[in-house]
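K.L.:
Questions regarding the structure given below will be posed in turn.
Nothing in this text is a laboratory measurement; each read-out follows from the coordinates by a stated rule. Everything numeric in this text was worked out from a predicted model, so none of it was measured. Because the Cβ atoms are built from the backbone with ideal geometry, glycine has one as well, and the counts that use them run over all protein chains shown.
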Amino acid sequence: AKLDYASAFVTAFEKVGSDGVCSYSALCADMDAVKIADIINNATEGATSTFTNALSQYYSLDVENHFANILADIPGILSYDELNTQIYHRMTGSQETADTIPGTDNPGLIPYKGNNPTMQVMAACCSALAHYVHTETA
């Protein structure tokens, strides 16, 4: 049975930050990876051991800012509603349907979403994540 928005939000809200695949530590690891990739992408050309330098920089300077890192590419201090809109756009917008996975026939991450959720379910999950991140960064 397909979930409606309210049921999906309750389920997602209970899961984000708790045990399992959306646990606090799993979210931190994802956000660590985003920041480490950002450090690598912004490294000066010709830097030796770029990955090692990025890890060293991250774990000595930025590791305590897990949840602030998710906001790095979203400008300004955002209300919950603005954060929710930005997360939803990033999860379902043109960036996620672009050819982001080299060597595959399907573009972006959208075709890889599990169990083919409805847009209502995706919106509810984004909303639950926005609530969690907003609370962690307030």
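K.L.:
For the residues Phe13, Phe51, what sequence is obtained by ranking on other C-beta atoms within 10 Å, fewest first?
P.N.:
Sorted ascending by nearby Cβ count, the order is Phe51, Phe13.
K.L.:
If neighbour count is taken as other Cβ atoms inside 10 Å, put Tyr24, Tyr59 in order from fewest to most. Walk me through the intermediate numbers first.
P.N.:
Numbers: Tyr24 15, Tyr59 12.
By the 10 Å Cβ count, ascending, the order reads Tyr59, Tyr24.
K.L.:
For each of Met91, Met119, count neighbouring Cβ atoms within 10 Å of the residue's Cβ, then give the residues from fewest to most.
P.N.:
Sorted ascending by nearby Cβ count, the order is Met119, Met91.
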